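Shown next, in C-alpha coordinates, is the structure this report addresses.
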Amino acid sequence: MEKQTLVAPLNELSKVSKSILDFAANCKKFVLIGELGAGKTTLVKSIGKRLGVSEQITSPTFSLINEYDGKGTQIWHLDLYRLKDLEEAIQLNIEEYLDDNNYCFIEWPEIIEPLFPDKIVYISIQVVDNFTRKYELQKH
(Lines give C-alpha, C1' and ligand atoms only; values in the text may rest on other atoms or scores of the structure.)
Protein backbone atom coordinates (compact mmCIF):
# COMPACT_ATOMS: atom_id res chain seq x y z
CA MET A 1 0.00 0.00 0.00
CA GLU A 2 1.44 3.34 -1.08
CA LYS A 3 0.81 6.52 0.91
CA GLN A 4 1.33 10.23 0.37
CA THR A 5 0.33 13.34 2.33
CA LEU A 6 -0.20 16.78 0.82
CA VAL A 7 -0.93 19.99 2.72
CA ALA A 8 -1.88 22.91 0.51
CA PRO A 9 -3.83 26.14 0.40
CA LEU A 10 -7.07 26.01 -1.58
CA ASN A 11 -5.62 28.35 -4.22
CA GLU A 12 -3.17 25.56 -5.14
CA LEU A 13 -5.86 22.96 -5.77
CA SER A 14 -4.79 22.56 -9.39
CA LYS A 15 -1.34 21.43 -8.22
CA VAL A 16 -2.93 19.08 -5.68
CA SER A 17 -5.10 17.59 -8.44
CA LYS A 18 -2.05 16.95 -10.61
CA SER A 19 -0.24 15.33 -7.67
CA ILE A 20 -3.24 13.08 -7.00
CA LEU A 21 -3.46 11.95 -10.62
CA ASP A 22 0.31 11.34 -10.67
CA PHE A 23 0.05 9.33 -7.45
CA ALA A 24 -2.87 7.29 -8.82
CA ALA A 25 -0.93 6.45 -12.01
CA ASN A 26 -3.18 4.00 -13.88
CA CYS A 27 -5.75 3.67 -11.07
CA LYS A 28 -9.02 5.39 -12.00
CA LYS A 29 -11.22 4.68 -8.99
CA PHE A 30 -11.18 7.12 -6.06
CA VAL A 31 -13.02 7.36 -2.78
CA LEU A 32 -13.22 10.72 -1.03
CA ILE A 33 -13.51 10.83 2.72
CA GLY A 34 -14.07 14.00 4.71
CA GLU A 35 -16.59 15.90 6.77
CA LEU A 36 -19.28 18.05 5.18
CA GLY A 37 -17.66 21.13 3.69
CA ALA A 38 -14.15 19.64 3.59
CA GLY A 39 -13.97 20.12 -0.18
CA LYS A 40 -14.71 16.73 -1.73
CA THR A 41 -16.76 18.08 -4.63
CA THR A 42 -14.38 21.02 -5.06
CA LEU A 43 -11.52 18.55 -5.46
CA VAL A 44 -13.49 16.53 -8.04
CA LYS A 45 -14.13 19.77 -9.96
CA SER A 46 -10.40 20.48 -10.06
CA ILE A 47 -9.43 16.95 -11.08
CA GLY A 48 -12.21 16.97 -13.69
CA LYS A 49 -10.73 20.09 -15.29
CA ARG A 50 -7.36 18.29 -15.50
CA LEU A 51 -9.11 15.37 -17.20
CA GLY A 52 -10.63 17.67 -19.81
CA VAL A 53 -14.16 18.21 -18.49
CA SER A 54 -15.41 21.47 -19.97
CA GLU A 55 -18.87 21.55 -18.41
CA GLN A 56 -19.67 22.67 -14.87
CA ILE A 57 -19.11 19.86 -12.35
CA THR A 58 -21.74 19.95 -9.64
CA SER A 59 -22.48 17.95 -6.51
CA PRO A 60 -24.45 14.76 -7.19
CA THR A 61 -26.11 14.91 -3.76
CA PHE A 62 -29.64 14.70 -5.20
CA SER A 63 -28.99 12.87 -8.47
CA LEU A 64 -26.57 10.42 -6.74
CA ILE A 65 -24.55 10.05 -9.96
CA ASN A 66 -23.29 12.74 -12.35
CA GLU A 67 -21.60 11.83 -15.62
CA TYR A 68 -19.13 14.02 -17.51
CA ASP A 69 -17.15 13.78 -20.72
CA GLY A 70 -13.41 14.24 -20.37
CA LYS A 71 -10.67 13.94 -22.99
CA GLY A 72 -10.91 10.31 -24.09
CA THR A 73 -12.70 9.20 -20.94
CA GLN A 74 -15.91 9.44 -18.99
CA ILE A 75 -15.92 10.72 -15.43
CA TRP A 76 -18.43 9.35 -12.94
CA HIS A 77 -19.05 11.37 -9.77
CA LEU A 78 -21.10 9.57 -7.13
CA ASP A 79 -22.44 10.88 -3.84
CA LEU A 80 -23.81 8.00 -1.77
CA TYR A 81 -24.72 10.00 1.33
CA ARG A 82 -28.45 9.30 0.92
CA LEU A 83 -28.21 5.55 0.28
CA LYS A 84 -29.63 3.39 3.04
CA ASP A 85 -27.82 0.09 2.40
CA LEU A 86 -25.68 -1.95 0.02
CA GLU A 87 -28.72 -3.49 -1.66
CA GLU A 88 -29.91 -0.04 -2.73
CA ALA A 89 -26.48 0.59 -4.29
CA ILE A 90 -26.63 -2.72 -6.14
CA GLN A 91 -30.09 -1.84 -7.50
CA LEU A 92 -28.59 1.40 -8.88
CA ASN A 93 -25.94 -0.69 -10.71
CA ILE A 94 -23.09 1.01 -8.85
CA GLU A 95 -20.90 -1.98 -9.74
CA GLU A 96 -20.90 -0.94 -13.40
CA TYR A 97 -19.21 2.34 -12.50
CA LEU A 98 -16.57 0.49 -10.49
CA ASP A 99 -15.88 -2.15 -13.14
CA ASP A 100 -15.41 -0.02 -16.28
CA ASN A 101 -12.23 1.71 -17.44
CA ASN A 102 -13.41 5.27 -16.76
CA TYR A 103 -12.65 7.58 -13.84
CA CYS A 104 -14.96 7.24 -10.85
CA PHE A 105 -15.00 9.54 -7.80
CA ILE A 106 -17.14 8.43 -4.85
CA GLU A 107 -18.18 10.63 -1.94
CA TRP A 108 -19.52 8.91 1.22
CA PRO A 109 -18.31 5.51 -0.06
CA GLU A 110 -18.54 3.46 3.14
CA ILE A 111 -21.79 1.71 2.23
CA ILE A 112 -20.32 0.14 -0.93
CA GLU A 113 -16.92 -0.87 0.43
CA PRO A 114 -17.62 -4.57 -0.27
CA LEU A 115 -17.89 -3.67 -3.98
CA PHE A 116 -14.55 -1.82 -4.22
CA PRO A 117 -12.23 -3.01 -6.98
CA ASP A 118 -8.74 -4.31 -6.19
CA LYS A 119 -7.11 -1.04 -7.27
CA ILE A 120 -8.51 2.07 -5.62
CA VAL A 121 -7.20 5.36 -4.24
CA TYR A 122 -8.45 6.64 -0.90
CA ILE A 123 -8.36 10.42 -0.47
CA SER A 124 -8.95 11.67 3.05
CA ILE A 125 -9.50 15.44 3.24
CA GLN A 126 -9.04 17.27 6.52
CA VAL A 127 -9.73 20.94 7.13
CA VAL A 128 -6.61 22.62 8.53
CA ASP A 129 -8.16 26.10 8.46
CA ASN A 130 -10.45 28.13 6.17
CA PHE A 131 -7.79 28.27 3.46
CA THR A 132 -5.81 25.03 3.83
CA ARG A 133 -6.54 21.31 3.47
CA LYS A 134 -4.58 18.18 4.27
CA TYR A 135 -4.92 15.35 1.75
CA GLU A 136 -3.90 11.85 2.78
CA LEU A 137 -3.65 9.50 -0.18
CA GLN A 138 -3.53 5.71 -0.02
CA LYS A 139 -3.41 3.41 -3.01
CA HIS A 140 -4.68 -0.13 -2.52
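The condition of being in contact with a Ser or Thr (Cβ under 6 Å, 6 or more places away or on another chain) and open to solvent by 20 Å² or more (accessible area, probe 1.4 Å) does not hold for THR5.
Among the residues of segment 110-125, are any touching a residue at least 12 places away in the same chain (Cβ under 8 Å), surrounded by 20 or more Cβ atoms within 10 Å (Cβ to Cβ) and small (Gly, Ala, Ser)? Within segment 110-125, not a single residue is touching a residue at least 12 places away in the same chain (Cβ under 8 Å), surrounded by 20 or more Cβ atoms within 10 Å (Cβ to Cβ) and small (Gly, Ala, Ser). Would you mind stating whether GLU88 is out of contact with any Pro (no Cβ under 8 Å at 6 or more places or on another chain), open to solvent by less than 70 Å² (accessible area, probe 1.4 Å) and over 29 Å from GLY52 (Cβ atoms)? Criteria met by GLU88.
Out of all the residues in segment 13-23, is one or more open to solvent by less than 50 Å² (accessible area, probe 1.4 Å) and part of a loop (DSSP other than H, G, I, E, B)? Checked segment 13-23: no residue is open to solvent by less than 50 Å² (accessible area, probe 1.4 Å) and part of a loop (DSSP other than H, G, I, E, B).
Remark: pairs (first residue in segment 91-105, assigned to a helix (DSSP H, G or I); second residue open to solvent by less than 70 Å² (accessible area, probe 1.4 Å); Cβ separation under 6 Å; 6+ apart in sequence or on different chains) = ILE94/ILE112; GLU95/LEU115; TYR97/TRP76; TYR97/CYS104; LEU98/LEU115; LEU98/PRO117. Selection of segment 26-80 for residues being part of a strand (DSSP E or B) and either closer than 14 Å to VAL121 by Cβ or among the charged types (D, E, K, R) (or both) yields LYS29, PHE30, VAL31, LEU32, ILE33, GLU67, ASP69, ASP79.
The values are calculated or read from the model by the stated rules, or taken from the named source; none is laboratory data. None of these values were measured; they are calculated from a predicted model. Quick reminder, even Gly has a Cβ in these numbers, built from the backbone with ideal geometry, and neighbours come from all protein chains shown. Only protein heavy atoms, including side chains, enter the accessible area calculation; ligands, DNA and RNA are left aside. Shrake-Rupley method; radii C 1.70, N 1.55, O 1.52, S 1.80 Å.
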